[in-house]
Every structure is written in C-alpha cells, then in structure tokens.
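J.: I'd like to ask you about the structure that follows.
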Amino acid sequence: MTDHGAVPEFDDAEHPAEPTPDADAPSPEPEAGDEDRDPEPDTGTDEATERASTGADAVVAALSTAGVETVFGVQGGAIMPVYDALYDADDVSHVTMAHEQGAAHAADAYGAVTGDPGVCMATSGPGATNLVTGIADADMDSEPVVALTGQVPSDLVGNDAFQETDTVGVTTPITKSNTFASSADEVGDDVSTAFALANDGRQGPTLVDLPKDVTTTETTVDPSEPVVPDTVSVQERADDDAVEGAADAVAGADRPVILAGGGVVKGGATDELRAFAREHEIPVATTMPGIGAFPEDHDLALEMAGMHGTGYANMATTMTDCLLAVGTRFDDRLTGGVDSFAPDATVVHVDIDPAEISKNVEADHPLVGDASTVLDQLAAAMDASPDTDEWVGQCADWKTEYPMDYAVPAADSDEGDGAPDASAFPDDEPVKPQFVVEAVDAATDDDTVVTTGVGQHQMWACQYWTYTEPRTWVSSHGLGAMGYGLPSAIGARVAADDDQSVVCFDGDGSFLMTCQELVVAARENLDVTVFVLNNEAIGMVKQWQDAFFDGRRMASEYPWVPEFDALAEAFGADGFRIESYDDVPDTVEAALATDGPAVVDVYIDPTEEVYPMVPSGGDNGQFALSEGHL
Amino acid sequence: MSGRYDQQGLPGPAPEERQRPRGRRNAQGIRIDPEAEAEHPPRRTVISALVEHEPGVLARVSGLFSRRQFNIESLTVADTQNDDWARITVVVEEPDPGIDQVEKQLAKVVPVIHVRELEADALARELVVVKVDADRPEEVHAITEMYGGKTLDAGPRTVTVELTGDEQKIDDAIDAFRQFGIREIARTGQTALARGETKTAVVPDHLK
Ligand SMILES: Cc1ncc(C[n+]2csc(CCOP(=O)(O)OP(=O)(O)O)c2C)c(N)n1
C-alpha cells in the first residue's frame, strides 16, 4: 500500500516531480471542462508545506483522530482534494483498488476482521455508485464501514453537473447514517461523527458526501474525537427483571439451544457465549454470520442452521423448547418459513438493536443490550442448569443420523479422519469441491481467515471448513453479493496479523465479477490464496434450475471460462491448477506457500450440489438431503 | 468425509421419517395455537416523532416507510416551539407488531429525538379544503356552517370551503359535500398532540 512514510517502489511513478496541470483531470470525457471551475490547484510551487489548511485536511485529520491506518479507494475529480491531503498524511496509507466496489468490500472485510471501521473512498457520480453494492453489503451484515465520497461543488448540486449523483439520496436506505458535508469548518466533525456512528451499538456503514468546494475551502477548525450525536443512545445492559425471566426459561428448559448470530462475533461476546454453553451444557447452532462464535469441533457444536445448515442444527432448532438467540436478526435464510421455525420454543432474544426484537420471530424474553454484557447478566441470573443430558444425547444422535458425508469416488482406502488422503482416489474422477475445502483447512492454521464469493462454493466453505475462531469467516451473508471474495480477501489481508493466512474460496462466476482486483494484490504483494472452485457454471443457479425449473438451464452454464491460472499470471499473481485428486496435496501446499497472491483454478465435479437444503420459505425440519426430497 | 460412493446428496432419514414439532407460528413469528390461528388485525393509530430540524429528515422518514412497507395513511411535518425541532405525525394502519416496528425503526433514524404512539384520547386534527360546484350556494353554506367550516371562495361556478376536525368529522363532511359535486379536495393529514399534562414527546435533558 502507498505509505508515504515508507516510500515504496512505486512512489516515483505515482507522484511525478512536476505534475502537469492535466495529470489528474479525468480523461477526455465530454463536458469535462466544466467540472474544474474551481481555482486551479497551485501546481507551480514546490513549497507544498505552505498550503493553508482546508476542509480536505480536516477530513484527513479526522481519519487520523479516529485511528485509521488504511484507506481503500479510487481517485477521481471530485475527491482529488482529499487525496491531495492524504499525500502528506504519514499515518494513513492508501490501497488503490481497481474498482470502487472492490474498495467497499475491502473496507467491509477490514471491518469484519479488526472490528474497527474500514474506510473506502471514491469520487462523485460513478465512483459513488460503484461503492453502492459494498455499502449495501456492509449494511446487511452490520459491518463498520465509513465511506467518503467526492461530490460536485455545492453551487452545482442539483444542476445535473458532470459526475453528479445524489449520493446521500442513493445511499440513505443502505447506510446507518449519511451526511452531506455543508462547510469546511464542520466537515472534520462530520467525518468523526461518521466513525462514531459506524462503531456505535449495532455497527454499520456510514457515508460522508464531500462537495469539492467544502474540501478546498480553508479552515482552521480541527475535528474532535468521534462522538455520536446527542439523539443517539445505546442500551448496554438488559432490564434485570427481563434477565431473571429469561434465566428461568433457560434453566427450566428440556431442550434448550443457543443460536449464535453475527452479533456475538461483533459484540466480542464469544468467550461469554462459549462459557455459558459449556457451563450449562447447551448445544449451540450458529447463523452464517455467527460462524466462529463457537468452535465447530466441540461436542456441543451443531454448526450452521438454516437453508444449507447441517441436518442436526436444523433438527435441534426445530425441536427445541427454548431458543436462546444472541445477536441475530432471524433472516429468512436462517428461519425458512417462520410458521415452522422453532415453533415449540420460548424465545429469549438478546440484541443490541431493539428493532430486531420481535421483527421476524416474536421474543418471549426480549433482552436488549450488548451481547457480552447481557450474557454476563444472564450467567449471573442462572440459579440452576437445565437438565440436558437426554437432549444433548438426542443432538448427538442427529449428528450420527445426518452426517455431512458427501459422496466420493471409490477409494482404495479411507483411513481415519484428519487430512484427507488424495492418493486413495481414482485419477480420472473430477475432484469434489468439499474435498478441496477440507484439504485447505487441514493445511492451514486455525486462525486462517476464509473469504468467499456467493454460490455453492460459499456453502461448501461454510460446511466443510471447521471454524473455531471468531473473525475468521468473512462472507457476504445478507446481501449475497457475488464478487465479494477477492476484494474482501484483500481487505482481510491488510487487516489480519502477518502470521495469519488469508484464503478465498470463489466460484468461477463470482471471481469473474471482481477478478481485476488481482492487480491490487500483485501490486501490493498481498499474500492471499484464491481457490476458484470452477464448475464452468453459476452453479447455485444451475442447482435451483434443476430442482425447481425442470432443469431448464437458462444462462447458468458457461460455454467458455478463461484459464484462471493463466489469468492470474497475466495480472502478476502466481497461477496453479488442480485437475485431479492427485494434484490436491502438492498444489494446495505450493499455492499456500507462495509469498504473494496465488490463484488455484480447481476443476471440480460440475455435477456436485449443495445439501442439506431447505427451499425458500420451507420448513427447516424438513430439509432435503438430495433432490428427491425437494 | 466418508466412504459413500453414491452419486448425489447426503445420507440420513427422509423428511417424512423425522420427529416433528407440535406448534406453529403465524406470519408475524408469534407462536399460535394451531387450532385457533390468531392473526393480529391491522389497527389505525397515530405515531408522533420529534426530530431535529435538518435537511433530509423527511426524506429519511418517508423512505423508511416505503422501504419497510409500512402502511401509512398520512404524514405531516412542521416546525415546533423550538426552531431546532420539527414534529412528524404519522397515521399508520398496521397489526400490532408492525406498529411496534414503526416506532423502533423511526427511533433508529439519527435525527429522531423521540417517538411514541399517541393514546386514543390524543388531540388529533386535520384540515381539508374542498371545492364544489356552485349550483346550490345556500346549501353549501349551510353544510359548511354545520361542520363549523369557513367559506374561502365563492364564485359563479365553484365554492371552496375549509374545515378542520378529527378524521371522522372530515370524512363525514366530505360525504355531505358529495351531493354538490366535488371538484377537488386537498387534505393535510392529521397532526396531533397528547392530551393535557401528557407529553407528546419526551426530550432528554441533554437535548433541552
Ligand atoms: C451480484 C450477484 N448477481 C447475481 C447473483 C445470483 N446468484 C446467486 S449464486 C449465483 C451463482 C454463483 O456462481 P459461482 O460464483 O460460479 O459459484 P458456484 O455457485 O458455481 O459455486 C448467482 C448468479 C448474486 N448472488 N449476486
């Protein structure tokens, strides 16, 4: 990344000693002349330090005040003053992305891995609209993101000026809060407030729209520390009486289940949740964003519930008489039809957002507050443990009855668990994607961060990787945005510790939506390994067509896909290919060992499908184990 | 992974062989007696929100209503005794869980200071301007008087009157004017305050 303190190799190319007046103007676009009506930047002098402080400097000062280390973005006309101010900021580095969607996803993943807001930056108009998918994604998944967008000068706003889009209007439904900065004196605080709001309570994306006159006007006002506006207040502790009632419900249950949502991970409540489950011997299912909240290799782990959740998680959440749901919004992909969701259960719902209580599933015991605080309260209020021996036994039986055993070609031997043995499989059989996921899991440490695109590969990555740590599963849950995988791996790489590995499981379709970000990984030498589970199709759509549209495969099979290993090489990454079981161990190892970006084109069995499956709106307890059950 | 070699899917008992729960929930996620099947009927009520008077707040609030498919009958906004605040009054028709959602989602909008549902005895008023044919001016006048209204304009072809009152009264008045041939109607939608000592909005001390 561009860190002006460290002077990376690319510095010269990026900052020519004598900028030509036109160097940064948008390339010959019609009417481009109009947009630079504001005074020409003073390009003649070398004494940049004499520049007076502007709104843009206040924006950058607000970034520093908020402790931002990295910004992901793309340059452009209306945001240029802010970039210019970043030029002098030694403590804030910038990763130049290929596309603004990539910047937003990278910022989102940065937020997911660190828990602190990720920052993305784009110019007005197309820059801002390109951020939209990533902002919507962060909004659905409650990821802390601050988006800074350039805007045309205030006096042109409303005139359909060049590259003018009503960014505040466009992003209002997909942000926690957004602001049109109205003056240079206030813009620093606008940005600080955006940080505070992105972080406060239930996290989420915020946006500040920065008209060019505001960022170029002089100001001497320094931004203050991030604080939320007076109108905002978050309840940290749940009502004590409500906690008592909930504790009684849990203690008196015969078949309790904990449902851990993304809020457990975001609220830093993993330890409290694990301790509670172990202490009271309560089986734990997770939502998709809740993956990592509870170690999947633990006896009490039921893993993910919902549409493609495990059979045992869906049996347990269907048959439970007391559901302790923490930090979940009961998305329809989790509940299936609400009429059949945990229909015998008293629901205890812990959430920091009161609006989530009884939104989709009625809470008998609503506990509004921070997940870790409320779980501590609940633990303290438990006078007794429920008697769960029989129930835990029932859950164990379901684990045996509904194993996640995918069909594999006839093997010469199949010994024990641990790393799957590739040499046992016939060479001419296409590789099962689940096998590849397990092989990569076995070859990496527990703290490895996994990112994904959207589709079948994403589900296999949920199902066949054993997650044990929070903030190691980074995916597009609520929005389901294909293309999330690679840019989020970049954001995760920047965010993760140096000794943590970052791998991405992508689909060929998803990868093709944002694969240009490989250039960023190559340029910045980011150590990420992408496994493209290549079935030459947008497989999830194909699976649905086969199941629900009489196999009429309209627009879901690709008659031609590029060679992803060659494509990777062209971008400056290392390319690998897996065509058979034999290739798996060595190729996985070599790709992971690459210092820098690597892409493995994995030719998987194109007929493989994702099961279990609950059709949209269906009954979770009636999950299908194969197409015949649908 | 296992030693299964069959083609697709996963092993395990088929759906019809599994244990089934006894209960059910309704469309609002509320556990119900499967025999009785109670659904909450929609209810009409007035929600009042005190908000910071800043650009875009109305757009935010109305956008929220359409995005979340809240059924609103009317929405009014205007200044209050404090220049920094505006009051938004919304008449909604929703089942109870929906009314709860309206309040909670509104409360999350950053410039919203306070939201509540008003009691049934709240003082809610609406203004309507009605333009009718002027064929029977005396009768129009009489009906206007009867509803405590005022004639704003009386011309050779049209008479335009103004009336205020609660929703029911306005509905009744409009019905009564139909006989004259209504040309156009403009209604403001309801605005309201809580009755007596009851506060319409509770402003936290740090915002006063
Ligand atoms: C941006 C976007 N467009 C379309 C979809 C609809 N969609 C969901 S899954 C899927 C197929 C994904 O294909 P691929 O990335 O190849 O993954 P596979 O299912 O084959 O593993 C599609 C098209 C989506 N989720 N996101």
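The values are calculated or read from the model by the stated rules, or taken from the named source; none is laboratory data. In this text the structure is predicted, and so the values were computed from the model without any measurement. Counting neighbours? That spans all protein chains shown, and the Cβs are built from the backbone with ideal geometry, glycine included. In case anyone asks, the SASA skips ligands and DNA or RNA and just uses the protein heavy atoms, side chains included. Shrake-Rupley method; radii C 1.70, N 1.55, O 1.52, S 1.80 Å.
J.: Using 0.36 nm per residue, how much length does the chain from B:R22 to B:R68 gain when fully extended, once their Cα-Cα distance is taken away?
T.: Additional length available on full extension: 13.4 nm.
J.: Further question on the same structure: What ranking, highest mean first, results for peptides A:246-253, A:500-507 when packing means the other Cβ atoms within 10 Å averaged over each residue? Intermediate results must be reported in sequence, preceding the final value.
T.: Working: A:246-253: 20.6, A:500-507: 27.1.
Sorting A:246-253, A:500-507 by mean packing, highest first, produces A:500-507, A:246-253.
J.: Right, next: Hey, what's the Kirkwood Rh for region A:260-300 if you take every pair of different alpha carbons, in angstrom?
T.: Working: mean 1/r = 0.1006 Å⁻¹.
Averaging 1/r across every pair of different Cα atoms and inverting gives 9.9 Å.
J.: Related question: How many nm is it between the label spots at A:A442 and A:D387, if each spot is 7 Å from the Cα in line with the beta carbon?
T.: Computed distance between label sites A:A442 and A:D387 equals 4.3 nm.
J.: What translational diffusion coefficient, to the nearest whole µm²/s, does region A:583-630 have by Stokes-Einstein, given a Kirkwood radius computed over alpha-carbon pairs, a temperature of 20 °C and 1.002 mPa s viscosity? Walk me through the numbers before you get to the answer.
T.: Numbers: Rh = 14.0 Å.
Reported coefficient: 153 µm²/s.
J.: Over the Cα atoms of region A:422-611, compute the convex hull volume and normalise it per residue, giving Å³. Provide the component values of the computation, followed by the final result.
T.: Details: hull volume 21.9 nm³, N = 190.
Per-residue hull volume (Cα only) is 115 Å³.
J.: Excluding residues on the same chain fewer than 8 positions from B:K208, give the lysines whose Cα lies under 17 Å from its Cα.
T.: B:K199
J.: In whole Å, what are the Cα extents of region B:123-192 along the three principal axes, biggest one first?
T.: Extents along the principal axes, in whole Å: 36, 19, 17.
J.: Quick one, what does Rg over Rh come out to for region B:73-208 if you take C-alpha atoms and the Kirkwood Rh? Display every interim value, and only then the final one.
T.: Details: Rg = 18.5 Å, Rh = 17.1 Å.
Rg/Rh for region B:73-208 comes to 1.08.
J.: What is the Cα centroid distance between region A:203-239 and region A:583-630, reported in whole angstrom?
T.: Between the Cα centres of region A:203-239 and region A:583-630 lies a distance of 42 Å.
J.: Tell me the Rg and the Dmax, in Å, that the Cα atoms of region A:172-255 produce.
T.: According to the Cα coordinates of region A:172-255, Rg and Dmax are 19.9, 67 Å.
J.: Based on the alpha-carbon set only, what is the convex hull volume of region A:455-535 divided per residue, in Å³?
T.: On the way: hull volume 7.6 nm³, N = 81.
Roughly 93 Å³ of hull volume per residue.
J.: Here's another thing I want to ask about it. Give, as ranges by residue number, the residues of region A:300-330 whose backbone N falls under 17 Å from the point 7 Å along Cα→Cβ of A:D397.
T.: A:311-321
J.: Right, next: Quick check: Cα centre of region B:73-93 to Cα centre of region A:466-496, how many Å?
T.: Each part reduced to its Cα centre gives a spacing of 42 Å.
J.: Any idea of the total accessible area buried by the A-B contact, 1.4 Å probe, rounded to 100 Å²?
T.: Details: alone 25160 and 13660 Å², together 34380 Å².
Looking at A and B, the buried total is near 4400 Å².
J.: Restricting the count to DSSP beta bridges whose residues both fall in chain A, what percent are antiparallel, rounded to a multiple of 5? Let's see the in-between values first.
T.: Working: 4 of 70 bridges.
Bridges in chain A are about 5 percent antiparallel.
J.: Here is a follow-up. Please give the length that would be gained between B:Q8 and B:D166 if that part of the chain were fully extended, namely 0.36 nm times their separation in residues minus their C-alpha to C-alpha distance (nm, one decimal). Working shown, then result.
T.: On the way: separation 158, 0.36 × 158 = 56.88 nm, distance 6.53 nm.
Full-extension gain reported as 50.3 nm.
J.: Between the helical axis of A:584-593 and the dominant principal axis of chain A, each derived from Cα atoms, what acute angle in degrees is found, rounded to the nearest 10?
T.: On a 0 to 90 degree scale, this one is about 30.
J.: I need the calculated FRET efficiency for the pair A:E563 and A:D155, taking r as the beta carbon distance and R₀ as 56 Å, to the nearest 0.05. Walk me through the numbers on the way to the answer.
T.: On the way: r = 52 Å, r/R0 = 0.92.
My answer for the efficiency is 0.60.
J.: For B:72-78, what's the mean count of beta carbons from other chains sitting within 10 Å of each residue's beta carbon? Please list the in-between numbers first.
T.: Details: counts 0, 0, 0, 0, 0, 0, 0.
Per residue, the average neighbour count from other chains is 0.
J.: Suppose the Debye formula is applied to equal point scatterers at every Cα of region B:113-154; what is log10 I(q)/I(0) at q = 0.18, 0.22, 0.30 Å⁻¹?
T.: After summing over all Cα pairs, the log10 values are -0.64, -0.78, -1.18.
J.: Tell me which GluC sites (Glu not before Pro) from region B:126-206 have a DSSP coil assignment and no more than 13 other beta carbons within 10 Å of their own. Please list the in-between numbers first.
T.: Working: sites: B:E126, B:E138, B:E139, B:E145, B:E162, B:E167, B:E184, B:E197; in loops: B:E197.
Passing sites in region B:126-206 are B:E197.
J.: List, in order, the whole-Hz ³J(HN,Hα) value for each residue of region A:606-619 obtained from phi through the Karplus relation with A = 6.51, B = -1.76, C = 1.60 and θ = phi - 60°; use x for Gly and Pro.
T.: Each residue of region A:606-619 in turn: x, 8, 5, 10, 9, 9, x, 8, 10, x, 3, x, x, 9 Hz.
J.: A further question follows. Take the Cα radius of gyration of region A:240-401 and divide it by 2.2 N^0.38 Å, with N its residue count; two decimals is plenty.
T.: On the way: Rg = 13.7 Å, N = 162, 2.2 N^0.38 = 15.2 Å.
After normalising by residue count via 2.2 N^0.38 Å, the value is 0.90.
J.: Output wanted: per-residue J couplings in Hz (rounded whole) for region A:493-509, from phi through Karplus 6.51 cos²θ - 1.76 cosθ + 1.60, θ = phi - 60°, x for Gly and Pro.
T.: Those phi angles translate into 4, 5, 7, 6, 5, 4, 8, 8, 8, 10, 10, 10, 9, 10, x, 4, x Hz.
J.: On to the next question. How big is the C-alpha Rg of region A:110-149 next to the rule-of-thumb value 2.2 N^0.38 Å, as a ratio? Kindly include the intermediate steps, with their values, before the conclusion.
T.: Details: Rg = 10.1 Å, N = 40, 2.2 N^0.38 = 8.9 Å.
Dividing the Cα Rg of region A:110-149 by 2.2 N^0.38 Å gives 1.13.
J.: Additional query: Taking all pairs of different Cα atoms in the protein assembly as shown, averaging 1/r and flipping that mean, what Kirkwood radius in angstroms comes out?
T.: Working: mean 1/r = 0.0340 Å⁻¹.
One decimal place: 29.4 Å for the Kirkwood radius.
J.: If you don't mind, another one. Compute and list, largest first, the equivalent-ellipsoid semi-axes of region A:51-216 from the alpha carbon gyration tensor, each √(5λ) rounded to a whole angstrom. Walk me through the numbers on the way to the answer.
T.: Details: eigenvalues 87, 63, 41 Å².
Values for region A:51-216, descending: 21, 18, 14 Å.
J.: Separate question: Which FRET efficiency value, to the nearest 0.05, is calculated for A:D271 and A:D240 with the Förster distance at 30 angstrom and r the Cβ-Cβ distance?
T.: 0.85
J.: Cross-link candidates for B:K104: which lysines have Cα within less than 17 Å, leaving aside residues fewer than 8 places away along the same chain?
T.: Partners found: A:K176, A:K359.
J.: Given the rule -39500 (n - 2.57) for each run of at least 4 DSSP H residues, summed and divided by the residues of chain A, what is its mean residue ellipticity at 222 nm, to the nearest 500 deg cm²/dmol? Intermediate results must be reported in sequence, preceding the final value.
T.: Values: 23 runs with 215 residues, N = 630.
Calculated at 222 nm, the ellipticity per residue is -10000 deg cm²/dmol.
J.: Name the lysines eligible as straight-distance cross-link partners of B:K169: C-alpha to C-alpha under 24 Å, and not fewer than 8 places from it in the same chain.
T.: B:K131, B:K150
J.: Here's something else I'd like to know. With each label point set 7 Å from Cα along the Cα-Cβ vector, what nm distance links B:R178 and B:E54?
T.: Here the modelled spin labels are 4.6 nm apart.
J.: What does the convex hull of the Cα atoms of region B:43-117 come to per residue, in Å³, rounded to a whole number? Mind showing how you got there, number by number?
T.: Values: hull volume 5.5 nm³, N = 75.
Per residue, the Cα convex hull of region B:43-117 comes to 74 Å³.
J.: While we're on this one: Could you pull out every residue, at least 5 positions away or on a different chain, whose amide H is within less than 5 Å of the one on A:C504? Hs are placed 1.01 Å off N in the peptide plane, and Pro or chain starts have none.
T.: Counting only residues 5 or more places away or on other chains, the set is A:T451, A:T529, A:V530, A:F531.
J.: Would you pull out the residues with amide H under 5 Å of B:I32's amide H, same chain only if 5 or more places away, H placed 1.01 Å from N?
T.: Amide H neighbours of B:I32: B:R24, B:R25, B:N26.
J.: Residue by residue through region B:137-154, which ³J(HN,Hα) values in whole Hz follow from phi under the Karplus form 6.51 cos²θ - 1.76 cosθ + 1.60 (θ = phi - 60°), with glycine and proline marked x?
T.: Per-residue couplings from phi come out as x, 5, 5, 4, 4, 4, 5, 4, 4, 4, 8, x, x, 9, 8, 8, 7, 10 Hz.
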